[in-house]
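The values are calculated or read from the model by the stated rules, or taken from the named source; none is laboratory data. This structure is a prediction, so every number in the text was calculated from the model and none was measured. Cβ placement follows ideal geometry from the backbone for every residue including glycine, while neighbour counts extend to all protein chains displayed.
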Amino acid sequence: MKKILLSCVSVVFAVLPLAAQVPVTKTDPETELAMIFTISFIVFVIATLMYIIGVMNANVDPIADLYYRIKNYIVPPPSEVAPDVGHIYDDIRELDNRIPPWFNYLFGITVVFAFVYMTDYHVLGLSKLSTDEYQEEVVAANLQKKIMMASGGSINENALVALKDAESLKEGGESFQKFCVSCHGPQAGGLVGPNLTDEYWIHGGGIKNVYTTIKKGVPAKGMISWELVFSQKQMQNIGSYVLSLQGTNPLGGKGPEGQKYVEPVIAAAKDTAKAKTL
Ligand code: HEC
């Protein structure tokens, strides 16, 4: 009998890793749920078999033993003298010390939590799995982008110019005060981020570079990409506002960082103009 049980257990242990190798092509919630139940059931069967084997080895009444164990689990015996299990290896005796109750309670809580979690996420589907959350965010972001494009916020990025009209600069300034001052300071003199009023730029000056920096951000240094926050027109306004602050040299501004920026496009245009006049 014992041998049959043992071979059953070993078969289960041999099959489990094999089952894990089977490629799961269909991962809809029902398959997932079926897998969770199957694995839980297998674990339950293994635990039961191991318990039965243990009881058979120890030669005790299984019902009385189970009752004793559960009772001890809930109300630990007051005696601190742990029963001797009767195993002696290298003169070391094994005592059946009881597990500290707080540990057992913690274990019980994790079991309850697992059931709550599984019911919530996999059975009732009340909370969303992370893949679903991600998909939703992608859809929402695309929608937001479409709305922005439709509301006339798009511009031709290849032909960017720094705007000079008061309305665009005012709008850019308002966005700057709202979103950028925490890192660049109220007068753009620099705090965590660099001074934006001098001629020195880490990522290049001029509207194209500034626009790209605002659009893509510098995530490695803590500045997020503003692409999904502002429309293209808004980013052009903010970039233009930033450039309108050139040379304002605010009090307490940070020192120069990066390279002194010379506008290459204008230089090229001048050359072309010169070439034409010649
Ligand atoms: C969380 C802080 C933070 C916020 C908010 C932030 N930035 Fe930045 N920004 C930085 C940091 C840090 C850098 C420097 C990146 C580097 O060192 O490469 C930077 C760099 C820049 C640069 C390039 C400067 C250069 O020298 O090339 C521009 C332009 C810029 N920010 C504009 C903006 C604008 C416009 C906003 C608001 C829409 C903004 N930033 C909001 C932290 C921030």
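I'd like to know if the range 214-222 contains one or more residues that are assigned to a loop (DSSP other than H, G, I, E, B), near the ligand (Cβ under 10 Å from one of its atoms) and in contact with a helix residue (DSSP H, G or I) (Cβ under 6 Å, 6 or more places away or on another chain).
no
Which pairs turn up if I take residues in the range 226-238 that are under 17 Å from Val161 (Cβ atoms) and modelled with pLDDT of 90 or more and look for partners that are small (Gly, Ala, Ser) and in a helix (DSSP H, G or I) with beta carbon separation below 6 Å, at least 6 apart in sequence or on another chain?
Note: pairs meeting the criteria are Asn237/Ser168; Asn237/Gly172; Ile238/Gly172; Ile238/Ser175.
Does at least one position in the range 184-198 carry a residue that is in contact with an Asp or Glu (Cβ under 7 Å, 6 or more places away or on another chain), near the ligand (Cβ under 7 Å from one of its atoms), touching a residue at least 40 places away in the same chain (Cβ under 8 Å) and over 19 Å from Glu167 (Cβ atoms)?
Taking every residue of the range 184-198 in turn, at least one turns out to be in contact with an Asp or Glu (Cβ under 7 Å, 6 or more places away or on another chain), near the ligand (Cβ under 7 Å from one of its atoms), touching a residue at least 40 places away in the same chain (Cβ under 8 Å) and over 19 Å from Glu167 (Cβ atoms).
Could you identify the single residue in Val75, Val139, Val161 that is farther than 30 Å from Pro264 by Cβ and surrounded by 10 or more Cβ atoms within 10 Å (Cβ to Cβ)?
Numbers: Val75 fails: surrounded by 10 or more Cβ atoms within 10 Å (Cβ to Cβ); Val161 fails: farther than 30 Å from Pro264 by Cβ.
That would be Val139, the only listed residue that is farther than 30 Å from Pro264 by Cβ and surrounded by 10 or more Cβ atoms within 10 Å (Cβ to Cβ).
Does the range 152-160 include one or more residues that are within 13 Å of the ligand (Cβ to nearest atom) and in contact with a helix residue (DSSP H, G or I) (Cβ under 6 Å, 6 or more places away or on another chain)?
Checking the range 152-160: not a single residue is within 13 Å of the ligand (Cβ to nearest atom) and in contact with a helix residue (DSSP H, G or I) (Cβ under 6 Å, 6 or more places away or on another chain).
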